[in-house]
Each structure stands twice: as C-alpha cells, then as structure tokens.
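First up is the structure itself, then whatever we jot down about it.
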Amino acid sequence: MLGFDVIGFLISWLTLFGTYAILSMSLNLEIGFTGMADFGKVAFYGIGAYLAATITAFTFLFVNGIKCPLHSVEAIVALKECASKNPALNVSIFVLCILITFIITGAIGYLISYPTLRVGPAFLGITVLSFGELLRIFMRHFEPTGGTKGLAGIPHPLAWIPDPRLRDGIYAAIVLVVMLLTYLLSEKIANSPFGRLMRTVRDDEIATLCLGKHVPRIKAAVFFLASGLAGIAGVLLAYYLGSVNPDMFVPAVTFNVWAMVIFGGMGNNKGALIGSAIITFVDRISFVVNLLFPQAIISPDYIRWMIVGLLILITLLFKPQGLMPETPIKTLALTAVAEESGGEENA
Amino acid sequence: MLEVIDLARYFGGIKALDGVSLKVKKGSIVGLIGPNGSGKTTLFNVVTGFYEPTRGEVWFNGERIDGLNPNEIYLKGLVRTFQIPRLFQSLSVLENVLVTPPHQIGESPLNALFKKKWANQEMNLARQAFNILKMLGLAPYTNIKVSDLSAAHIKLLETARGLMGGAKLLLLDEPTAGVAYTTARELFDFIVKLRDEKGLTFFIIEHRLEVLMDYVEYVYVLHNGKLLSEGKPDEVVEDKKVIEAYIGEG
Amino acid sequence: MIGPTEVLNTIWIGIIYMIIALPLTLSYKVTRIINFVHINFITIGAYVGVILFLLGVNSLLLVIPASFLFGAAIAVLNHFIAFSPLEKRGANPVILMIASLGLWIFYKYVVYAFLDLGQKVFRTNLFSVIPRATSLPDVSVGGYVLSGHFFAAILVAGVILGVLYLLLSKTSVGRAIRAVADNPTLAEISGIPKERVVSITWALCGGMAAVGGLLWAVFAIATPEVGDALILQIFAVSVIGGLESLLWTGIGAFIISGAENILMSLLNAVLGVPVSFRPFISFSALLLIILVKPPLGAGGGLPYRFKIVRHYKR
C-alpha cells in the first residue's frame, strides 16, 4: 500500500461522485419531490452514455473520412489516432452531446412514463425497470453498437491535453460544475410554483387533479427533466470511461442511486449530494480494499450490495427523513404576507 | 347553472345513483341532504368528473360536462371540497391555498426557472390568499404545516381553498362537520356574504339540518340513490317521506 | 410453427405463472403493498430445491413442502421486521414499496453470497443448475417423450390451486382474508384479527411463490436471477387481473404464456424475431393493458381518462 495514489483516488472519486450526484438529484426530483418511484434510472443513464459514445465515435470517424463499423478494431485504433488532433472538435462534440442527450433521453422518459402516470405508483416503477432491462437485452443483440462488447475508444473531450493526470483533474472539475448546475436547477424548480405542484402531487395527487391541475402532465414533465439529467450523467460517464457496454447498466446501478437518495434524505437536494458523496466514497475505498483480498470466501461485491439493500430498509425504518430532512419551500409568498400584515399594523 | 338529468352510477350491481335530476340556479344556495349512503357524495363525485356516469347528463353553464376529467371540470368553475379534507400535509396553510388559482405562470416548468416572470403574480396571489385566510380566522396559522392543524381549522382551510380558485359554483361536502355550532353558523353567514358580494353559487351537502335549513333556499333529499323529495326548506322538513327516511336510518 | 411443443409450453408455463402470480395479486389485495420480495421467493424457492437435491433428498414430496415453508418464513419475517412497523408509523404505499425494494436487493445478494459459499462447499456450479429428482420416469405419449416432471408439476399445481380455492372459499380463515381484502377497516371493526390474517396471507403467498419458483427451475433452470427474469411476466399477469381479481389473474397467466410461446414462435417464423426478445411481448402486453384497461381502483390511481370527450353545446 506504499504506492497508494491519493490524488488519483481523489480524482476518480470526485468524478464518480459528480456523476452519481446528478443521478441522485434527478431521482430526488422524482421520488423526493413528486413521489414517483422510478426503478429504471439506469435506463436513461445508459441511453445517455450510449448516445454520447455513438455520436462521438461516428462524428470523429466521419470527419476524418474513415469508413468502418463503429465497434470494429480499426475504428478503435483510428479513434485513438484522431482523438487529439482537433481540440475544438472534441470540446464542441462534448457540449453538443450533453444538449442532444438531455432532449432525447428526456423525450424517451416522457413517452415511456406517460401511459403509466395515472395508475398506481408501482406501475411506473415496474414499467421503467423492465424498460431498462429490455433495453439492455436489446443492446446486447444490437450489432451496430458492438453487441455485448459495446463501444470503446471514445475520444475524451480533453484528449488534447497531454498529461493524463491534468486531463482527468480538469475533467473531474467539469463534472463537478455540471453537478453544481444541476443542483441550482433542481433548487430553482423545487422552490417555484411548479415545485409546489410537485409536492402537492406527492402529498395527494387526486386532490391536485380536483384542483384543476393536469397531474399526468406535471408528472411527465418531471420525468422528462429527471430522465434528461440522468442522460447527462450517462454522457459524463461515457467520456470518463472511454467505453460503454450493455452490462454496465444493470438494475443494481439504480439501487445504488436509490440508496443514496433515501440515505441522504428524500426531498432535499443537499441530502442527495451527501448521500452520493458518502456512498461513492465507500465504493472507491472498498474497490481498493477488494484488490487487497482477492481470495475472499464471499465476494465483497455481494456483501456490499447486501449493505445497500439494508441501508435503504434501515433508513426507512429508523430515520425516514434520511440524513437531511426536507426543508420548507423558500417562497416569495411569505414576504408578501409579511408586508400585508405589517401594513395592517401601521394602518 | 348546474343541471343534472337522469344521472345514474352503478358499482357492479349496486345502484349508488339511480336516475337523479336536479337543477341549481345561479346565485342560489341549495342544500343536498339524505341519510348515510344515500348517494350524496357519489352525486358530487360524478358531477365533478371523479366517476363517469353510467347514464345521464350533467350540464354546467350551457356546456355538457359529464365524462370530462376532474381537472377540466374544475377549470370550468365548478369547485368541490371533500368530506374528509384532502389537504397537502407537507405544505403550509398558505401554500395549500396558494396552489388553487388556475393557470399560474410559474406552474409551467419552463417559466419556473425564471423567477422574474412569476414573482409578481405570486406576490399578488399570496396577498389574496392571506385575505381569505384572514376572513376565515386562519391568519395566525398562515405558516404552519397542515399536519399540525386542528380538525376544525382543517375544515375551514378546505373551504378557503375552494374560495381561492376561480370558482363559479362551489360544491361543499359537509363543510361544518366537526366544527362548533357557532363556527358553523359563522361559516354559513360567510357563504351568504360571498354569494351576495361575489355572485357565487353554492350546492351543499350537510348533515346538520338545524344550521343548513336556515340558510338554503332550496333542498333536495336523496334516498337510496333516488330523489325522495325537493322544495323549500320548511316544505321538505314537513314531508312525511323525508321524516320516514331519516327515522328509518336512526 | 405452432406444434405440440408450443402448446405444451403454453400449458406448463401458464400453470407456473399462475402459481406465482396468484399470490402476488392476493398479497396486494390484502396488504396493499407491491411486494418486490416476491422475486426473491421465486429464487429462494428454486434454490431450496437445488440444495436439497444436492444433499440427496430425492423426493418432490419432501422438497416442495420445504420450499413452501422457506418462502412462507421469509414472507412472515418481512412482515414483522419491515412492513408492520412501517405501516404502524403511517408510511404511504410508495414508502412500503421502496422498503420492499430494499429487501429485494438484500435477499438477492444474500442468495448470491450463499451460492458463492456453497460452490466452495459442494464443488459444483451452483449459479446455473437444474434441480431434478432422478426418481421420476419419463412418459411417452404419441411419440413425444414427456418428462415425469411435467405431470408432477401439473399435479402439484392442481393440488395447490385446489387447496387455495378451498381455503379461500370454504374456511373461516379464507373468509377473514377476503374480508380484510375487501375492507380492512370494516374487518377490524367487526373483530377480525387483522394482524394475524395478514401474517397468514403473507405465509401463504410467500410459500406459493417459492413453490412456483421451484417448479419453474425444475423445467427451466435455477440461477440467482431466475426471479428477476420472471418479474415482468408475473406483473403483467397480475395486472390483467387488475391486481384484484384472482380469476382474471389465472386467465392472464395463460394469456401471457400463450403470447410468449405461440405468438413468439409465429413472430420467429414469419418475421425472424430472435427468441431472446420474448420479454418484449410481455412488456408490450403490460403497456397495452395499462393503456386500455388500467387497474385504476386497486392500483390507487388517478380518476383521469385519456379518451377525448366531445360534447355539443346547447
């Protein structure tokens, strides 16, 4: 353990933390604020990653005039060669991918969720959970994106920075910036009249409907937003790893995110941040520890997942608000009322 | 204003409503009474789009509204309250009232991002909401969570929420259940005042006949899903069939 | 295209779906909890069989009750450690469902860990095995060789369904279960011990699902993911029953099983759709049911209708 690379560890943890924090905040919008149980988060994460990988690989090959299938060995070699040629291309594709992915994954989320939104909470969960698994099965058989092997050699948006340590560091910073923007966006939404509607849907969707609000549309809009954000997290992951394959996107990823949100505190974005920070940190540490005990009797992976399951259950049983309980909406309304009653006293 | 023609709703073999026809005139206060299980709440549920009718028509302001969704019916100005109040437990009293006004700018997810767009409207609505709370004596509780409110106040808040939206006709389902006698009279005084000042129409389910009969102009009596009797309060009270139905229950 | 194989498959898969989906519907009716641990019952039921066969127990008559008891025990345990305390605190259905999600994950990896350990003890591959009693002879009918397990499974299924029917319709326990399912508050007022009825229901449902999982594994294969692989189909079946009607759940089992086998082989023969896309049929079925005939009442849904109503003005 003498050669333990602290900075490398920190960079990988921060990147992972940023990605998962975006996922947990997007799940928090759904379950924490709107009360929609999305058990298929990974589907949109995966769609985002695949979109980014496909678009980037295709564009690079196209721009450089190379004609070969995206998943072929020639493509991987060619991508490696042309990855650092044109920084402007790298960066602009990165930005473009984020925008496109947000819209496409969001739209898919909207479409898949809409039929299930008027039936009980379980249906959305089951539908999206199955959707994710079916998508994975489909991708395993879909040759143009490499089937089970997936795509590799995706040019990093910062591939033109020669020093890998610096490159990863800057990338981690970018991920954290995207995370911060997501946080601000979620907070803005949560503290607006729309955020109020989200909470009313969570508390009593039937009463909300009877107050003239188009509940299915509200829920689908939240699902659009949350799925889009999950897609962005997927984009960030695809560039970080430089490769995607169907088996990265198993339902277990969704469970991880659920544990983060519930442990951190449903309905509180700061809670989602803290939850994902703690769990990704433990994850990274246990990854290092795993390397130390290759011959364990029971794979530490299984133990880890058992703990994730227990964590969800125990939090619900003993501390249902999680680490950070929900805070009241910071509204303008109160100031208005304060003025009103203040004026009363003066008059 | 509201016209129900031969309305029926069956649940399996049970005829919860069986061919009810009634009218509520604009600017009137009409009562709906009947023993437990006579179909009063079902009638409200069908009229407000909660259930689809098995048969019959509902007309409101010259438009046919049966089969529309509850949210569409609400937007036409037909507002209901619930027998068991359905408030938003995790929101404050003020927010519960603030939710109601339709078509708020900040309720679109896109506009929600730009505070400037909705801030003004929000402030105005908040003032309106606060005035309504003040009228109902709920002002001291403005910033309290609904889950910490007493039963009587919850009932009042439910009514306040009904008043806040752009209602033309209010369907109140037992507005005074669990409220002290004097408060109940105050509430009805307030209903009359609203009718006179704002031209609202009220259609009220009420068990406390002693209060209701002093305020309504016309009463319908339901029994076993059918209209048993109708008329001015004093006529209905003396109707033998009505007395029998109530005695039969007790 | 459609031969005896497809028909036979439809029958036995339908029966097994029925045995697994009926308890899902029943437990939902009584407890109003969408129980993801149902998935674990299936897997655990299958592996109880695997382990017992490995230990030399060679009779389905012993293995099936063992499987039932194991599933029942876990179901009751869940009720006491998780669902009951949460319900007492007034948790809403979503929270209960999430709790069951947590339990699902936990049990799933307990099974994984156990198998990891078991592999080292038994020195065989436990991650995909077919539990088989060797004592059952094959039967030849009209040139087709049917395994004795086919008949055993049909027999077991018949017995289970018969017992379930008699239990629910003829005994006082069954009446109590139905009373709680119809109206929990009223049932409690009229003196039915709700807590006990709920535990009995859990035991029944957990046990049935476990036996279903065992039967499935006998025909197909046991893997730690066997329950997860069935969840979509089972849920679609229960949704056909509106999460309410046991009769329609039973019919739904054969609808889904028929679609998966007969329709799939048609699609395969005509359009060349690979057989591994079978789950897509169940998925489409699920979406179709939700759109066309949603279980609004039982599923706790919105009184919202998609259809467009056009009324004339007067």
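The values are calculated or read from the model by the stated rules, or taken from the named source; none is laboratory data. Values in this document were obtained by computation on a predicted structure and should not be read as measured data. Every residue, glycine as well, gets a Cβ built from its backbone with ideal geometry; the counts of neighbours run over all protein chains shown.
Considering the stretch B:91-120, the residues that are touching a Gly at 6+ places or on another chain (Cβ under 8 Å) and buried (at least 18 other Cβ atoms within 10 Å of the Cβ) include one that is nearest to B:Lys145 (Cα to Cα), namely B:Thr100.
Figure legend. Inter-residue proximity from the stretch C:257-268: first residues surrounded by fewer than 18 Cβ atoms within 10 Å (Cβ to Cβ), second residues among the hydroxyl-bearing types (Ser, Thr, Tyr) and in a helix (DSSP H, G or I), beta-carbon distance below 8 Å, spacing 6+ or different chains. Indicated pairs: C:Ile262/C:Thr10.
What's the total number of residues in the stretch B:62-77 that are touching a Lys or Arg at 6+ places or on another chain (Cβ under 7 Å), more than 7 Å from every other protein chain (Cβ to nearest Cβ) and not β-branched (Val, Ile, Thr)?
First pass over the stretch B:62-77, keeping only residues touching a Lys or Arg at 6+ places or on another chain (Cβ under 7 Å): B:62-63, B:65, B:69, B:71, B:77.
Checking which are more than 7 Å from every other protein chain (Cβ to nearest Cβ) leaves us with B:65, B:77.
Next, from what is left, pick out any that are not β-branched (Val, Ile, Thr): B:77.
Total satisfying the criteria: 1.
Close contacts from the stretch B:183-197, counting a first residue that is within 17 Å of B:Leu171 (Cα to Cα) and a second that is among the basic types (Lys, Arg), with Cβ to Cβ under 8 Å and a gap of 6+ residues or different chains, come to B:Ala184/B:Arg208. Is it true that C:Leu52 is in a helix (DSSP H, G or I) and free of Cβ contacts under 8 Å to residues at least 12 places away in the same chain? Answer is no for this residue. Within the stretch A:121-158, the residues that satisfy the criterion of being crowded, with 22+ Cβ neighbours inside 10 Å, among the aliphatic types (A, V, I, L, M) and more than 14 Å from every other protein chain (Cβ to nearest Cβ) are A:Leu151, A:Ile154. Does the stretch A:207-217 include one or more residues that are surrounded by fewer than 23 Cβ atoms within 10 Å (Cβ to Cβ), more than 9 Å from chain B (Cβ to nearest Cβ) and of a type outside the set (Val, Ile, Thr)? Checked the stretch A:207-217: at least one residue is surrounded by fewer than 23 Cβ atoms within 10 Å (Cβ to Cβ), more than 9 Å from chain B (Cβ to nearest Cβ) and of a type outside the set (Val, Ile, Thr).
Across the stretch B:87-106, the number of residues qualifying as more than 7 Å from chain A (Cβ to nearest Cβ), free of Cβ contacts under 8 Å to residues at least 40 places away in the same chain and not in a loop (DSSP other than H, G, I, E, B) comes to 1. The residues of the stretch C:230-256 that are touching a residue at least 60 places away in the same chain (Cβ under 8 Å) and of a type in the set (Phe, Trp, Tyr), listed by number, are C:Phe235, C:Phe254.
Is it fair to say A:Ser84 is hydroxyl-bearing (Ser, Thr, Tyr), over 26 Å from A:Ile103 (Cβ atoms), touching a Phe, Trp or Tyr at 6+ places or on another chain (Cβ under 7 Å) and modelled with pLDDT under 85? Against the criterion (hydroxyl-bearing (Ser, Thr, Tyr), over 26 Å from A:Ile103 (Cβ atoms), touching a Phe, Trp or Tyr at 6+ places or on another chain (Cβ under 7 Å) and modelled with pLDDT under 85), A:Ser84 qualifies.
Against the definition (polar (S, T, N, Q), within 13 Å of another protein chain (Cβ to nearest Cβ) and either out of contact with any Ser or Thr (no Cβ under 6 Å at 6 or more places or on another chain) or within 30 Å of B:Val97 (Cβ to Cβ) (or both)), how does A:Asn245 come out, yes or no? No: the conditions fail for A:Asn245.
Among B:Ile84, B:Ile144, which is the only one that is among the aliphatic types (A, V, I, L, M) and closer than 30 Å to A:Glu187 by Cβ? Step through it out loud before you land on a result.
Numbers: B:Ile84 fails: closer than 30 Å to A:Glu187 by Cβ.
None of the other options fit; the residue is B:Ile144.
Which one of B:Tyr74, B:Tyr51 is of a type in the set (Phe, Trp, Tyr), under 30 Å from B:Tyr246 (Cβ atoms) and in contact with a Ser or Thr (Cβ under 9 Å, 6 or more places away or on another chain)? Reasoning before the result, please.
Working: B:Tyr74 fails: under 30 Å from B:Tyr246 (Cβ atoms).
The conditions single out B:Tyr51.
Taking the conditions (1) in a loop (DSSP other than H, G, I, E, B); (2) touching a helix residue (DSSP H, G or I) at 6+ places or on another chain (Cβ under 6 Å) in turn, B:Val219 satisfies each one other than (1). Do you know which residues across the stretch B:193-206 are surrounded by 15 or more Cβ atoms within 10 Å (Cβ to Cβ) and at pLDDT 85 or above? Matches in the stretch B:193-206: B:Arg195, B:Leu200, B:Thr201, B:Phe202, B:Phe203, B:Ile204, B:Ile205, B:Glu206.
Residue check: A:Leu111 meets all listed conditions (1) touching a residue at least 60 places away in the same chain (Cβ under 8 Å); (2) surrounded by fewer than 19 Cβ atoms within 10 Å (Cβ to Cβ) but one, namely (1).
Take the residues of the stretch C:241-297 that are more than 9 Å from chain A (Cβ to nearest Cβ) and outside any helix (DSSP H, G or I): which is farthest from the chain's Cα centre (by Cα)? Checked the stretch C:241-297; the qualifying residue farthest from the chain's Cα centre (by Cα) is C:Gly272. Could you check, for the stretch A:43-66, whether at least one of its residues is surrounded by fewer than 19 Cβ atoms within 10 Å (Cβ to Cβ) and free of Cβ contacts under 8 Å to residues at least 12 places away in the same chain? Yes - at least one qualifying residue is present in the stretch A:43-66. Summed over the stretch C:83-108, residues that are within 8 Å of chain A (Cβ to nearest Cβ), farther than 18 Å from A:Glu205 by Cβ and either in contact (Cβ under 8 Å) with a residue 24 or more places away in the chain or in a helix (DSSP H, G or I) (or both) total 11. Would you confirm whether or not the stretch B:148-170 contains a residue that is of a type in the set (Val, Ile, Thr) and outside any helix (DSSP H, G or I)? Looking for residues that are of a type in the set (Val, Ile, Thr) and outside any helix (DSSP H, G or I), one finds none in the stretch B:148-170, hence no.
Restricting the search to helices (runs of 4 or more DSSP H) fully inside the stretch A:1-99 and requiring at least 3 residues that are over 28 Å from A:Val261 (Cα atoms) gives A:41-63, A:73-82. Kindly check whether there is at least one residue in the stretch A:268-277 that is at the interface with another protein chain (Cβ under 10 Å from one of its Cβ atoms) and closer than 30 Å to B:Ser92 by Cβ. No.
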